1. In region 135-144, is there at least one residue being assigned to a helix (DSSP H, G or I), away from the ligand (no atom under 16 Å from the Cβ) and buried (at least 21 other Cβ atoms within 10 Å of the Cβ)?
2. In the list 277, 266, which residue meets the criterion of being surrounded by fewer than 22 Cβ atoms within 10 Å (Cβ to Cβ) and either modelled with pLDDT under 95 or within 30 Å of residue 49 (Cβ to Cβ) (or both)?
3. When the residues of region 111-129 are filtered to those that are part of a loop (DSSP other than H, G, I, E, B) and touching a residue at least 60 places away in the same chain (Cβ under 8 Å), which remaining residue is nearest to the chain's Cα centre (by Cα)?
4. How many of the residues making up region 226-271 are away from the ligand (no atom under 13 Å from the Cβ), more than 15 Å from residue 293 (Cβ to Cβ) and touching a residue at least 24 places away in the same chain (Cβ under 8 Å)?
5. Could you tell me which numbered condition residue 34 fails, if it satisfies all but one of (1) over 26 Å from residue 134 (Cα atoms); (2) outside any strand (DSSP E or B)?
6. Just wondering, is there one or more residues in region 38-60 that are in a helix (DSSP H, G or I) and touching a helix residue (DSSP H, G or I) at 6+ places or on another chain (Cβ under 7 Å)?
7. Kindly evaluate residue 204 against the criterion of being over 14 Å from residue 297 (Cα atoms) and within 16 Å of the ligand (Cβ to nearest atom).
8. Condition first: crowded, with 16+ Cβ neighbours inside 10 Å and either in contact with a strand residue (DSSP E or B) (Cβ under 9 Å, 6 or more places away or on another chain) or part of a helix (DSSP H, G or I) (or both). Now tell me which residues in region 101-110 satisfy that.
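The values are calculated or read from the model by the stated rules, or taken from the named source; none is laboratory data. Keep in mind that what you see is a predicted model, and the values were worked out from it rather than measured. Don't worry about glycine lacking a Cβ; one is built from the backbone with ideal geometry, like all the others, and counts go over all protein chains shown.
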Ligand code: ATP
């Protein structure tokens, strides 16, 4: 077993690129073993008019964990990454799973587990989960090393409406108060510049009580793309394995810029069909490893 192994708890779709379908390929390219738990197994993402398939319940989740535990695989996971779950029972159980992996690794003298939590709940003012899921994430983020909410998820969880850098900092502070040391609010619009999106990286040191914050901007591509957050979180896991977190964020942001550009160039511009806006995750594997630009992530005073 290597230290490049991830337990990735996310959705599976037959068609398209969201959840584990979006996260697994980039992580594998980086040389990670990806053990996927598919929280749902659906025909496609929920933006399409028809969606068919199956959603996991807690018993199915714990049954898979029973198998992993019985074969002694749990201590192999250096990382746990969670994305779309949309089941409050499973979200609550993830804390116990992370604690179990942490304890087993400690007993075996292995490096501590790093838990990346993407609290997937909705986007652009629309919640696509139940209210009890929000409550479950408010508790789960306390166990995360790194949380990667979009601006809407950060707003819902913290009750601070994220609309600029100041409010993003306030929302990130809420995560720190819950116990999440590192928070990336992946994008929010800039009141004075509609052609770019800003992001915030906020790192809180529990020992000294100090918080180091960074920000940066990316070009805004008109239109909505699904799976962007999932590729971002997966890329962040991979880059943060070898790089300091600010550089890892800059590289992961660069990957998304290349990926959206590639999608637009292949007909998936803002006004195109949903299907043509599926992220072209497999179109240029080298760009997933080496983005054409690394976005600057600048410390805030
Ligand atoms: P979640 O998984 O939390 O639901 P999300 O996909 O809603 O995530 P976003 O902040 O919208 O999260 O997107 C993640 C990243 O993808 C952003 O940090 C940004 O780099 C990039 N991105 C997404 N949409 C666009 C866009 N229209 N133009 C440019 N970059 C974008």
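1. So far as region 135-144 goes, no, none of its residues is assigned to a helix (DSSP H, G or I), away from the ligand (no atom under 16 Å from the Cβ) and buried (at least 21 other Cβ atoms within 10 Å of the Cβ).
2. Only one candidate passes the filter, namely 266.
3. Within region 111-129, the match that is nearest to the chain's Cα centre (by Cα) is 118.
4. Adding up the residues that qualify gives 6.
5. Failed condition: (2).
6. yes
7. Against the criterion (over 14 Å from residue 297 (Cα atoms) and within 16 Å of the ligand (Cβ to nearest atom)), residue 204 does not qualify.
8. 101, 102, 104, 105 - these are the residues of region 101-110 that are crowded, with 16+ Cβ neighbours inside 10 Å and either in contact with a strand residue (DSSP E or B) (Cβ under 9 Å, 6 or more places away or on another chain) or part of a helix (DSSP H, G or I) (or both).
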